[in-house]
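Please read the structure below before turning to the comments.
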Amino acid sequence: MNVVRTEIADVLILEPKVFEDDRGFFFESFNQRVFEVAAGGPVTFVQDNHSRSKKNVLRGLHYQVEQPQGKLVRVVSGAVFDVAVDIRPGSPTLGCWVGLELTAENRRQLWIPPGLAHGFLVLSDAADFLYKTADFYAPAHERCILWNDPVLDIRWPLEQPPILSDKDADGLPFHVAVERGGG
């Protein structure tokens, strides 16, 4: 497994070693020991989630003010533009974001540690998005930052306005989210 560090401390891109031939392919998608070395310590995953979305759906930027969820995300069908935003108070990269394309073909994974907001935009006709979480979903503590907040200036690769849920369309401005406790 190749581990690529990003501009935000602790956000990691994980690239598996793929063994491929005319029969198909094999790769180890997760190894607890390797992951914990890369992440800098123990991480316990408590929940696996699978979502399917159609092209141009944008989900996020989600976070939890209590029970913050670390997420290990990947795409098993299709392609997404995946984004992590640092909302940790006092962080030297507060307000910075990392975005990259995750696809079934590149098999990359992104580790988003607790305390960051997360979102993605579907680039293909549809995408199956899988993610492990390091804490349970807590709807009472879930918050959403506005996907197009001008302070963050995330460069989503949009060809038209995204398809949003009501919750995502009504996200908070970044500065309000940070004032209310961020991650």
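The numbers here are math on the coordinates, done by the rules we state, and not lab data. These numbers come from a predicted model, not from an experiment. For neighbour counting, all protein chains shown are included, and Cβ atoms are generated from backbone atoms with ideal geometry for every residue, glycine included.
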| field | Segments classed as strands (runs of 3 or more DSSP E), wholly inside segment 1-107, with at least 2 members that are within 26 Å of residue 159 (Cβ to Cβ) and not acidic (Asp, Glu) | value | 47-54, 58-64, 71-77, 79-86, 97-103
| task | Pull up segment 1-54, narrow it to residues that are touching a residue at least 24 places away in the same chain (Cβ under 8 Å) and polar (S, T, N, Q), then point me to the one that is nearest to residue 101 (Cα to Cα). | result | 6
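Is it fair to say residue 128 is among the acidic types (Asp, Glu), within 27 Å of residue 36 (Cα to Cα) and in a strand (DSSP E or B)?
Values: among the acidic types (Asp, Glu): yes; within 27 Å of residue 36 (Cα to Cα): yes; in a strand (DSSP E or B): yes.
So residue 128 passes the test.
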| said: Quick check on my filter: what residues within segment 133-183 are surrounded by 14 or more Cβ atoms within 10 Å (Cβ to Cβ), acidic (Asp, Glu) and in a loop (DSSP other than H, G, I, E, B)? | reply: 135, 149
| request: Restricting attention to segment 32-78, report how many residues are crowded, with 20+ Cβ neighbours inside 10 Å and on the phi > 0 side of the Ramachandran plot. | output: 2
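For every residue, the table says whether it meets (1) surrounded by 19 or more Cβ atoms within 10 Å (Cβ to Cβ); (2) in contact with a Leu (Cβ under 6 Å, 6 or more places away or on another chain).
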residue: 80; (1), (2): yes, yes
residue: 83; (1), (2): yes, no
residue: 89; (1), (2): no, no
residue: 95; (1), (2): no, no
residue: 99; (1), (2): no, no
residue: 111; (1), (2): yes, yes
residue: 119; (1), (2): yes, yes
residue: 122; (1), (2): yes, no
residue: 128; (1), (2): no, no
